[in-house]
1. Please indicate, with yes or no, whether at least one residue in segment 49-63 is within 15 Å of residue 171 (Cβ to Cβ), surrounded by fewer than 21 Cβ atoms within 10 Å (Cβ to Cβ), modelled with pLDDT of 95 or more and more than 11 Å from the chain's Cα centre (by Cα).
2. Does residue 90 satisfy the condition of being more than 17 Å from residue 174 (Cβ to Cβ) and in contact (Cβ under 8 Å) with a residue 12 or more places away in the chain?
3. Which condition from (1) under 14 Å from the mean Cα position of the chain (by Cα); (2) crowded, with 20+ Cβ neighbours inside 10 Å is the one that residue 104 breaks?
4. Condition (residue is over 17 Å from residue 97 (Cβ atoms) and either under 16 Å from the mean Cα position of the chain (by Cα) or without any contact (Cβ under 8 Å) to a residue 40 or more places away in the chain (or both)) applied to segment 151-165: is it met by at least one residue?
5. Only residues that are over 20 Å from residue 13 (Cα atoms), free of Cβ contacts under 8 Å to residues at least 60 places away in the same chain and in a helix (DSSP H, G or I): list them for segment 42-66, please.
6. Looking at (1) loosely packed, with under 15 Cβ neighbours inside 10 Å; (2) free of Cβ contacts under 8 Å to residues at least 40 places away in the same chain; (3) touching a helix residue (DSSP H, G or I) at 6+ places or on another chain (Cβ under 7 Å), find the lone condition where residue 30 falls short.
């Protein structure tokens, strides 16, 4: 079973193409026009072992909101296509990831239903060249189009460390949840 997807989306604000392999080695080629966002997505790819190619062109001359949001939407669509009927997946998983003074916890459920609850509390308006409040919006956008639940919290003093810890915890929990454990749909409903 091949868990690979190739999706694209063009709007008046962004032009994005994504290739994803859920059973990869964590290789990546990512360009979004937002350097800190590239760093977070590269970290996600490396720690989830999901291969990612992302080419995004957006109106970053205005700000980073449309690019981050649309990458989140399309990344979720890529995931939804790649995961297929979800037969045999572990489905639910969590991870706790420390990074220096920060620690993040993420729990996910690949449930077929969308919900996102993130408690991040960044101190600064920007983390590098990325607006800090779009981090939550990225996860909301991903959860919405991927049709999964994400619950995340992070504590710490440094916003860079907090953001990186939450992306790594997301990566580790997703890596575990997509593992094939058996040959059945993991739901009493028989469908996810």
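1. yes
2. Working: more than 17 Å from residue 174 (Cβ to Cβ): no; in contact (Cβ under 8 Å) with a residue 12 or more places away in the chain: yes.
Taking the combined requirement at face value, the residue does not satisfy it.
3. The single condition residue 104 does not satisfy is (1).
4. No: segment 151-165 contains no residue that is over 17 Å from residue 97 (Cβ atoms) and either under 16 Å from the mean Cα position of the chain (by Cα) or without any contact (Cβ under 8 Å) to a residue 40 or more places away in the chain (or both).
5. Matches in segment 42-66: 42 only.
6. (1)
The values are calculated or read from the model by the stated rules, or taken from the named source; none is laboratory data. Only a predicted model underlies this, so the values are computations on that prediction, with no experimental measurement involved. With ideal geometry, Cβ positions are generated from the backbone for all residues, glycine too; neighbour counts draw on all protein chains shown.
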